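Take a look at the structure below.
Rule-based calculations on the coordinates, nothing more; no lab input. Just so it is clear, the structure is predicted and the values come from calculations on it, not from any experiment. Here Cβ is always computed from backbone atoms with ideal geometry, including for glycine, and neighbour counts include all displayed protein chains.
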Amino acid sequence: MTELTNYPPLDQWHDWTEFDAKAWPTKVEKKYTLVPTSCFNCEAGCGLVCYFNQDTGEIDKIEGNPEHPASRGRNCAKGPATLNQVYDPERVMYPMKRVGERGGGEWERISWDQALDEIGARIRTAIQEERNNEIMYHVGRPGETNYTNRVLQAWGVDGHNSHTNICSSNARIGYQSWMGHDRPSADYANAEVIFLISAHLESGHYFNPHAQRIIEAQSKGATVIVCDPRLSNTGSKADHWLPTWPGTEPFLCLSIIHEMLENDTWNRDFVKRWVNWETFLAEEFPHLPQEWESVEAALKEHYAEYTPERAEGITGIDAAKIREIAAIIGAHPTKFSSHNWRAAGAGNEGGWQVARCLFFIAVMTGSVATVGGTSGNGWNKFAPKAPIGAPKITRWNHLEWPPEYPLSYHEMSILLPHFLKEGRGKLDTYFSRVYNPIWTNPDGFTWMEALKDKALVNCHVALTPTWSETSWFADYVLPMGVGAERHDVVSYETHAGRWIAFRQPVFRRYAEIEAARGKGDVVTAESRTHEYNPGEVWEENEFWIDLSWRIDPDGSMGIRQWFESEAKPGTPIGIDEYYEIMFRDSVPGLAEAAAAAGETPLEFMRNRGAFAIEGDQTTPYERNIDASAVEGSRKDEGGVYRKPGTAGAWDGSPDTLADITLDSLGDGSPAIEIDGELKEGFVTPSKKLELYSTTLKEWGWPEYATPKWIPSHVHHQDMDMEGNERILLPTFRIPTLIHTRSSNSKWLSEISHRHPLWIHPEDAEKLGIDENGLVRITTRIGHFVIQAWRTEGIRPGIVAASHHMGRWRIEEDKARSWSAGKAKISDDGQGGWKLNRTDGIRRWKSKDTDTERIWWNDTGVHQNLTFAVQPDPISGMQCWHQRVRVTPAEKGDQYGDVVVDTNKSREAYLEWLAKTRPGPGPNNLRRPLWYARPLKPTAPTYLAD
Ligand code: SF4
């Protein structure tokens, strides 16, 4: 008798037999080879297993990988939908080069050789002419931490640009200002109270790994509290749903702190030991005795205004409910797990205080990195070391790191077209990489104006798996793989534990397995992944190696050396060699585990797809540090050891800056003395949790040196709610959609292809909006027209429309997908732009007969086009929520219409720019040395001109 198993046993993956479900009830055997990889459809990097049909050599299905420590064999709908992306009939299959004018839609197929030669030559010239910073790499979905940074470093280019300031800048600075780590890592599975300012059970960051652990904890009795003005699926699963007014979440958190202080349910011992209360007292309460006994009174006074009664008026949550929540939290010390990433953090000016005030509760309950608490990402994410790397760069790119935003987290990418248009610089070669700024970013028509102008962007190379609104305006469109077609090492802080996963091109791996069985050619170090993927789809990692060789073919520029094989000097490093060295040398325990299995570390990862790294990550700040680590260091008055050669020991003189080596995280101080013992501490300048941030004070924001509420730009009490002004929430996502790439998945598009405007029936009555009626939403720079959905699932005063919808294409039969409607774009040459949706999706004939079965027509509305840039003056985060006028559609309005005036976009840009407090900061620095940057230059580069 065959034993039933949840998953095929690992030892049978290369030769697995199961019955063909479609042939049931007849038992027809099917032979499979199972190849693991990692999902690329959100950042969680869950494990996937591709089932290769041994008869056809094609993937029949994709399921979860039980060997993956974070996803544990489970996936959301987007994981298996990778299959659709691989076999999508309209994907980009070959390198394409523009013919005719940019955006004209004419393309010719070229070879990879031609693409590498032409792009390599122009980068070589730019570097030889010392125009290094005219090369920019702008990334949407990162595949692997640091791979491309290594490339840019080798080229000497300060050209890393990210999508972070449309995503998580606010949350990052909120967490980082407490603990140095800029992401939370919650141990949901062991928590007793889970507090989410997010929609984690349906779509939040690290959605599937988090959701399964939250449910696990709830089924063991944990209380789940969800803060969201919208009754999301997550809110509906919560024990307590708190529909706060947008942007008032910090006030709510601080009123909970207020109650914990009043009720004496805070963890005094933890706060005394690990919070920089001495600095708090000295800066905020110099008149009090500078001793621990003063802290309680100081905290009570500092947060006196945050009473539940006042919170009721500000947040919209009953005072009694706030007291109830505070009591629940106070009754569960050390077991408070919480999360904010986007949601309120991403919507509001001052939204960085959301994460900061939320983490304050973790601090006050003593739940920092405890079992069931909330840790820092750096303690659970594991980034293996690249085999070889060039020295740090010595250039500063003001197009990414402008002086107005010295504390931004990270690059000011939403402002790039404005900076280009006002002459702050230009781009010779702009790589957009799995990124669609015309569609995704606010102010997309200003992006279009910049990307169409060759004087601003001389050459645009789109590295992308699919056609997009942005790649349409590129000069080269180079097809890059989806999760089943590329190499990346993945690791994230999904739970209390460290792991790495290996994303691999499964067709290449299948060819290797087949070759070992004597079928087909052997895959060699010279083989390239595009030889195995569908069409000529490639992967970035090999592309960068080969491009670097074309830039510096004879090695005379000093670039090629960073891409040479150790095993065969003088030839490019192969992808196997690269990862073999990495897995052998820099992943604790992997070489031993592989040896025990009789495999090399690379084989181990290729066969399993993931590896759990051993080690206890509970309260790592309490780890003892050996005295040898602080030899030669100076101990400061706070007990922190300042080591020569680190930022923490720098004397502030420009002359000695060259002696400083910067750590990627923190200021390099090795330890703090606590009660006579050397401890690891936190990666902040004080090595403690910073209730008081001296960095914020010294860099011009003393009023926000402690956690505070900052009224949002959409604060309800400042708005004309009696009239037709409302708050628009455009940030929430539909769990079955992938930012902009779900358009190439037929299953996901079939499941989700609408995004009506959520509006409360009371508001709808007041404003004259019918069910399914057309609504005109007027923003600061234009308007759009959408359909209404009356629902009590949203607080009156707020309307909401999910993002991911409103994809468009200009031509009937080009750049087609399962959810891109047909659009007509017109402009008056004076900044006046219109997008009219001329049609939704229609059936067409393709090699996939399902394109003839499409039954839906709606493709949504591209609302982001009508949003001005609204960067938070401190973090630089796009404050996504909009102050809008909600009115019935006017005569002539059609569903999907978008109208924008980019002159108003510029006015809005200048208004928000005026809110900043520009650098340089102390010691004439452009940015604090201890602040993270994805690509950190040398210390002297931080000096302002
Ligand atoms: S949560 Fe879903 S989309 Fe994200 S990595 Fe996991 S399976 Fe993929």
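Only lysine pairs 8 or more places apart or on separate chains count here, and in the stretch 624-726 those with Cα atoms under 14 Å apart total 7.
Expressed as cubic angstrom per residue, what is the convex hull volume of the alpha carbon set of the chain?
173
Quote the Stokes-Einstein diffusion coefficient, in whole µm² s⁻¹, for the stretch 852-909, based on the Kirkwood radius over alpha carbon pairs, a temperature of 10 °C and a viscosity of 1.306 mPa s. Reported coefficient: 111 µm²/s. Model label points for D718 and W701, set 7 angstrom from Cα along the Cα-to-Cβ axis, are 1.6 nm apart. Straight-line cross-link reach from K822 at under 16 Å between alpha-carbon atoms covers these aspartates and glutamates, not counting any fewer than eight positions away in the same chain: E90, E469, E811, E812, D813, D839, D858, D897. Once the Cβ-Cβ distance of Q290 and D636 is raised to the sixth power relative to R0 = 25 Å, the FRET efficiency obtained is 0.95. Taking GluC sites (Glu not before Pro) across the stretch 255-322, the ones in a DSSP loop with at most 10 further Cβ atoms lying within 10 angstrom of their Cβ are E291. Per-peptide packing, taken as the mean over residues of other Cβ atoms within 10 Å, places 897-906, 15-24 in the sequence 897-906, 15-24 from highest down.
If both residues of a DSSP beta bridge must be in the stretch 723-824, then about 45% of such bridges are antiparallel. Once a ≥ b ≥ c are taken as the square roots of the eigenvalues of the Cα gyration tensor of the stretch 1-100, is the result rounded (a/c under 1.5), prolate (a/b larger than b/c) or oblate (a/b not larger than b/c)? Judged from the Cα gyration tensor, the stretch 1-100 comes out oblate (a/c at least 1.5, b/c at or above a/b). Distance between the pseudo-spin-label points of E283 and A320 (7 Å out from Cα toward the beta carbon): 4.0 nm. Running Debye on the stretch 326-474 with equal point scatterers at the Cα sites and no solvent, what base-10 log of I(q)/I(0) appears at q = 0.17 Å⁻¹? Results for the stretch 326-474 at q = 0.17 Å⁻¹ read -1.08. Normalised by the number of residues in the stretch 221-264, the mean separation of alpha-carbon contacts (under 8 Å, six or more apart) gives a relative contact order of 31 percent. Between L910 and E301, the modelled label-to-label distance comes to 4.5 nm, taking each label 7 Å out from Cα in the direction of the beta carbon. Measuring between their Cα centroids, the stretch 617-635 and the stretch 60-136 lie 44 Å from each other.
Given the chain, what percent of its DSSP beta bridges are antiparallel, to the nearest 5? Mind dumping the intermediate values first?
Values: 72 of 112 bridges.
About 65 percent, rounded to the nearest 5.
Put the Cα centre of the stretch 479-541 next to the Cα centre of the stretch 423-470 and the gap is 28 Å.
Secondary-structure-derived ellipticity at 222 nm for the chain, considering helices only, amounts to -7000 deg cm²/dmol, per-run term -39500 (n - 2.57) for DSSP H runs with n ≥ 4.
In loop segments of the stretch 488-540 as defined by DSSP, the GluC sites (Glu not before Pro) with at most 10 further C-beta atoms inside 10 Å of their C-beta are E526. Backbone N atoms of the stretch 78-115 closer than 20 Å to the 7 Å Cα→Cβ label point of R754 are not found in any residue. Beta bridges from DSSP with both residues in the stretch 433-565: antiparallel share about 35 percent, rounded to the nearest 5.
Evaluate E = 1/(1 + (r/R0)^6) for D616 and S111, where r is the Cβ-Cβ distance and R0 equals 51 Å; express this FRET efficiency to the nearest 0.05. Given R0 = 51 Å and the Cβ-Cβ separation, E is 0.45. Calculated FRET efficiency, D770 to W855, Cβ-Cβ distance, R0 = 25 Å: about 0.50 to the nearest 0.05. Using C-alpha pairs below 8 Å separated by at least 6 residues, the relative contact order for the stretch 632-672 is 41 percent. Among the GluC sites (Glu not before Pro) within the stretch 854-945, those in coil by DSSP and having at most 16 neighbouring Cβ atoms inside 10 Å are E890.
When the pairs K421/K904; K321/K381; K381/K936; K22/K814; K300/K381 are compared against a 26 Å limit on Cα-Cα distance, K321/K381; K22/K814; K300/K381 fall above it. Averaged over residues, the count of other Cβ atoms within 10 Å places the peptides 921-930, 815-824 in the sequence 815-824, 921-930, highest first.
Using only alpha-carbon positions in the stretch 559-648, the gyration tensor eigenvalues give semi-axes of 36, 23, 10 Å once each is multiplied by 5 and square-rooted (largest first). The mean sequence distance of close C-alpha pairs (under 8 Å, at least 6 residues apart), as a share of the length of the stretch 786-945, puts its relative contact order at 19 percent.
Between the stretch 302-322 and the stretch 901-939, the alpha-carbon centres lie 34 Å apart. Annotation: amide H of D839 within the under-5 Å range of K822, sequence separation 5 or more or interchain, hydrogens built in the peptide plane. Computed from backbone phi, the HN-Hα couplings of the stretch 148-156 come to 6, 4, 4, 5, 5, 4, 5, 7, x Hz, rounded to whole numbers (Karplus: 6.51 cos²θ - 1.76 cosθ + 1.60, θ = phi - 60°; Gly and Pro given as x). Each peptide among 423-433, 652-662 gets the average number of other Cβ atoms lying within 10 Å of its residues, and from highest to lowest they stand as 423-433, 652-662.
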